[in-house]
Amino acid sequence: MKQLGSKLADSVRQVKTQQAEKEGKEQKVQEDKTPEPILVSSRPEAPLPLFTSRRVWPD
Amino acid sequence: MPAKVFSITNQKGGTGKTTLSMNFAAGLTRRGRTLVIDADPQRSAGQWTGLASDERPFPVSVIAVAGNLAREVNHFRQDYDYIVIDCPPTLETDTVSLAMSASDTMLIPVLPSPIDLWASVRLANAIEQAKMSNRELKAFLVINQLEPRNALSRAMQQALEEFDIPSLTGGLRRRAIYRTSAIEGVSVFCMGKRGEAAAQEIESIIEELL
């Protein structure tokens, strides 16, 4: 009887572990699905883009 | 004083949710105004009262709720002393989480079988999460269909210790009277001598909880 009780308890422990692993995996998948935030870094050392516009004015 | 709200839940079917809900509510109504909310789309609680005769109606009103359960519970909270929610056998819809947020106590009937115990693990996790938003929420396992002479039934206690949810001292034995009372649309309290032992089991659960 005691052995049966231990077996049953072991099986519950095993299911708990499996469930925790499954939830951990699901959480990781969810995290992986989350898009990376777009990093907007300012680089003060970088030169400002130079836009050369050549506008031709009519005479 | 607002009603005390009990939810009877287990994501596995056939564990005795409706049997416990109806008999528990019938016991509670002897103490105060009681309402059963049938939140299970199978509508077993409603069918149960539908089988009652006009001369001997089920002593508790049953309403079916399909929409926002928490809102309905709040609507009736001031009018009753006890509300019992018979939950659907699933964790995939919002119903059970809404029931958890609206309840004071969750009762989880479990059968003395490994498969039923394993199925309860996920529910135990869901209750732990629900406690984060409803800090006062209490939860108890209730062993149903216990057979004292069965080795597995006797081995249950050790397995139940693995759960973070405590189990009630009182449980329900496997008794034909629970099924017979359902057929007649009454509770075990109305079954006279035949229902005495079952009624005593329900009374013990109520006394343990109140």
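Where a number appears in this text, it was derived from the coordinates with a stated rule and is not lab data. These numbers were taken from a predicted model, which means no experiment stands behind them. As a convention, Cβ positions derive from the backbone with ideal geometry for all residues, glycine included, and neighbour counts pool all protein chains shown.
Cβ crowding within 10 Å, taken as a proxy for footprinting-reagent exposure, orders A:Thr34, B:Thr9, B:Thr29 from fewest neighbours to most as A:Thr34, B:Thr29, B:Thr9.
Each residue of segment B:167-179 was assigned a 3J(HN,Hα) from its phi angle through the Karplus expression (A = 6.51, B = -1.76, C = 1.60, θ = phi - 60°), giving 9, 5, 5, x, x, 10, 7, 6, 9, 5, 4, 5, 6 Hz with x at Gly and Pro. Applying the Karplus relation 6.51 cos²θ - 1.76 cosθ + 1.60 with θ = phi - 60° to segment B:122-132 yields 3J(HN,Hα) values of 5, 5, 4, 5, 4, 5, 4, 5, 5, 5, 5 Hz, where x marks Gly and Pro.
How about segment B:53-106: which GluC sites (Glu not before Pro) there lie in a loop by DSSP and see at most 15 other Cβ atoms within 10 Å? Filter output for segment B:53-106: B:Glu55, B:Glu92.
3J(HN,Hα) couplings calculated from phi for segment B:186-195 with the Karplus curve 6.51 cos²θ - 1.76 cosθ + 1.60 (θ = phi - 60°) are, in sequence order, 10, 9, 5, 5, 9, 9, x, 4, 5, x Hz; Gly and Pro show x. From least to most packed, judged by other beta carbons within 10 angstrom and beginning with the fewest, B:Cys190, B:Cys87 follow the order B:Cys190, B:Cys87. For B:Val110, nonlocal amide neighbours, meaning residues 5 or more places apart or on other chains whose placed amide H falls under 5 Å from its own, are B:Val142, B:Ile143, B:Asn144.
Of A:Lys33/B:Lys17; A:Lys7/B:Lys4; A:Lys28/B:Lys4; B:Lys12/B:Lys131, which pairs sit farther than 28 Å apart, going by alpha carbon to alpha carbon? Working shown, then result.
Values: A:Lys33/B:Lys17 38 Å; A:Lys7/B:Lys4 38 Å; A:Lys28/B:Lys4 39 Å; B:Lys12/B:Lys131 21 Å.
Those over the limit are A:Lys33/B:Lys17; A:Lys7/B:Lys4; A:Lys28/B:Lys4.
Determine the sum of side-chain charges near B:Asp164: Lys and Arg each +1, Asp and Glu each -1, restricted to other residues whose C-beta is under 14 angstrom from that of B:Asp164. Computed value for this residue: +2.
The convex hull around the C-alpha trace of the protein assembly as shown, projected and averaged over every direction, spans 25.9 square nanometres.
Is segment B:113-194 rounded, prolate or oblate when judged by the Cα gyration tensor, a ≥ b ≥ c being the square roots of its eigenvalues, rounded requiring a/c under 1.5 and prolate requiring a/b larger than b/c? The partial results should precede the final answer.
Details: a/c = 2.62, a/b = 1.51, b/c = 1.73.
Oblate is the answer for segment B:113-194, as a/c is 1.5 or above yet b/c matches or exceeds a/b.
Net charge within 14 Å of B:Lys12 by Cβ-Cβ distance, Lys/Arg positive one each and Asp/Glu negative one each, not counting B:Lys12 itself?
My count for the surroundings of B:Lys12 gives -1.
Counting beta carbons within 10 Å around each of B:Ile63, B:Ile85 and listing the fewest first gives the order B:Ile63, B:Ile85. For the protein assembly as shown, the residue among B:Pro59, B:Ile165, B:Val84 whose Cα projects farthest onto the positive side of the dipole built from Cβ charges is B:Ile165.
In percent, rounded to a whole number, the relative contact order of segment B:4-201 is 27, using alpha-carbon pairs under 8 Å and six or more apart. Would segment B:4-201 count as rounded, prolate or oblate if I go by the C-alpha gyration tensor, calling it rounded below 1.5 in a/c and otherwise prolate when a/b exceeds b/c, oblate otherwise? Oblate, because a/c is 1.5 or more while a/b does not exceed b/c. Positive-end ranking of B:Leu98, B:Asn150, B:Asn125 along the dipole of segment B:89-179, with charges on Cβ about the Cα centre, is headed by B:Asn150.
Report, in debye and to the nearest 20, how large the dipole of chain B comes out about its Cα centre when Lys and Arg carry +1 and Asp and Glu carry -1 on their Cβ. Working shown, then result.
On the way: 22 positive and 24 negative charges, 73 e Å.
It works out to roughly 340 debye.
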